[in-house]
1. Quick one: pull the percentage of alpha-carbon pairs in segment 244-392 with a separation above 21 Å.
2. Quote the relative contact order of the chain in percent (integer), defining contacts as alpha-carbon pairs under 8 Å separated by 6+ residues.
3. Below 8 Å between Cα atoms, with a sequence gap of 6+, how large is the relative contact order for segment 187-320 in percent?
4. Taking the Cβ of Y20 as the centre, find all other residues whose Cβ is under 13 Å away and add up their charges (Lys, Arg: +1; Asp, Glu: -1).
5. Quote the FRET efficiency, to the nearest 0.05, computed for A372 versus A223 with a Förster distance R0 of 25 Å and r equal to the Cβ-Cβ distance.
6. Cut-off under 17 Å on the C-alpha distance; same-chain residues fewer than 8 positions from K221 excluded. Which lysines are left, in chain and number order?
7. Would you work out what percent of the accessible area of segment 95-165, with all protein chains in place, is carbon or sulfur (probe 1.4 Å)?
8. How large is ³J(HN,Hα), in whole Hz, for each residue of segment 130-139 in order, when computed from phi with the Karplus curve 6.51 cos²θ - 1.76 cosθ + 1.60 and θ = phi - 60°, using x for Gly and Pro?
Amino acid sequence: MALTQTDQDANVLQNLSNCYKTENKVKETEEILQLALAKKPNAEIYAALGNLHINDGTPHKALEYYEAGLKLDPNNDLIKFHIGLANLELGLYRKGWQGYERGLVAGNRVNRQYRNLPYWDGSPGKVVIVWGEQGVGDEIMFASCIPDAIKTCKRVIFDCHPRLVDTFKRSFPEVEIHGTRKNQYLDWLVGSDAEAQCSITTLAAMWRNEKTDFPRKPYLKAATKEYKRDGRPRVGLAWTGGIKQTRKDLRSVTLDDLKPILAQDCDFYSLQYMPEAAREICEFEERSGIRVKHYPGIVENKNYDETINFLASLDLVISVCTTAIHAAGALGIPTWILTPAKPAWRYGLKGEKHDWYGSVKMFRQKPGETWAPAIYKISEELKCLSPMSIAA
């Protein structure tokens, strides 16, 4: 069927909106999509408008657009997937996971195949391959469900991120661990007695449907290592999170922003994993005279176990939204998060508590605010704290 001029105009506008969205120009993106909607309403445009309100602090608005899109295309799995994200952001986990699972069909989530093994439906007494999904931080977060799988399954085989093999082997000794979830050829699979497989995210859909379902207790174990102490609290610090596509601009602060915290009498350690962090720290020390210790071998590594073991030596972690908070929370290390006004769904929309970790406290940026008030509040709470009082 040939496209009408109206169809073509709407498609051009929608493509233009994608360019602006890539540059995180949200206002311009929404204006262009509204023009496209006026030309020719369709489910894809409603979905794109809804997506602007995911991880933007306005999931209710996202749901309005998604519902309008579903009226035009009731079988749209991509919209149903994004409805799941909006509900997760609202803390409605059961509805959220139901939608999130549609991502496997829509193509927004990786769907691994293991010799055509059936997808696990939760039936007990089976040998199940659980495979990791997304980044290191998310995999650590969802790994809180591994103990639940251990209790239900005859045996669990965990195909995890290669950087997490040593940590997971130590933390879950009952589980067969393989760091091959990025590989196509799996030599261990040939002799496997696995009966089913599923994503680690699906475990959350089985056991994390209400806020009361989250145990919020440590589940990772670190190797015991001795680090020198000078009597001051040992505080880990991460100030940059994500990349451009995952809103680094919303999730990051500067060392200069953190001066009220760094002025406290603590021993500060960098948890930044990018190579440019060392130079950034040195230049900051030149300007301010404040030292933040940075050890590349601990934070810039292929084996994240080095970072895990170092985190376990800290009295406190202060961080933006990045992998370090998931690792510290899973270890039970007291962790204070600089949480943006427009957070990802993992951090919810309100409150100080984090649903997944009992040792985590969130210091929220209010809409329209700079980071200064949240940083000031952290600096005040940090004053005169000993390692024992932080843990309490």
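The values are calculated or read from the model by the stated rules, or taken from the named source; none is laboratory data. Worth saying up front: this structure is predicted, and the values here are computed from it rather than measured. All Cβ positions, even for glycine, are placed from backbone atoms using ideal geometry, and neighbour counts span all protein chains on display. Ligands, DNA and RNA are stripped out before the accessible areas are found, and what is left, the full protein with its side chains, is counted by its heavy atoms. Shrake-Rupley method; radii C 1.70, N 1.55, O 1.52, S 1.80 Å.
1. 44
2. RCO, the chain: 15 percent.
3. Dividing the mean separation by the residue count of segment 187-320 yields 31 percent.
4. Every neighbour counted, the sum reads -1.
5. 0.05
6. Filter leaves K169.
7. 49
8. 9, 10, x, 9, 6, x, 4, x, 5, 5
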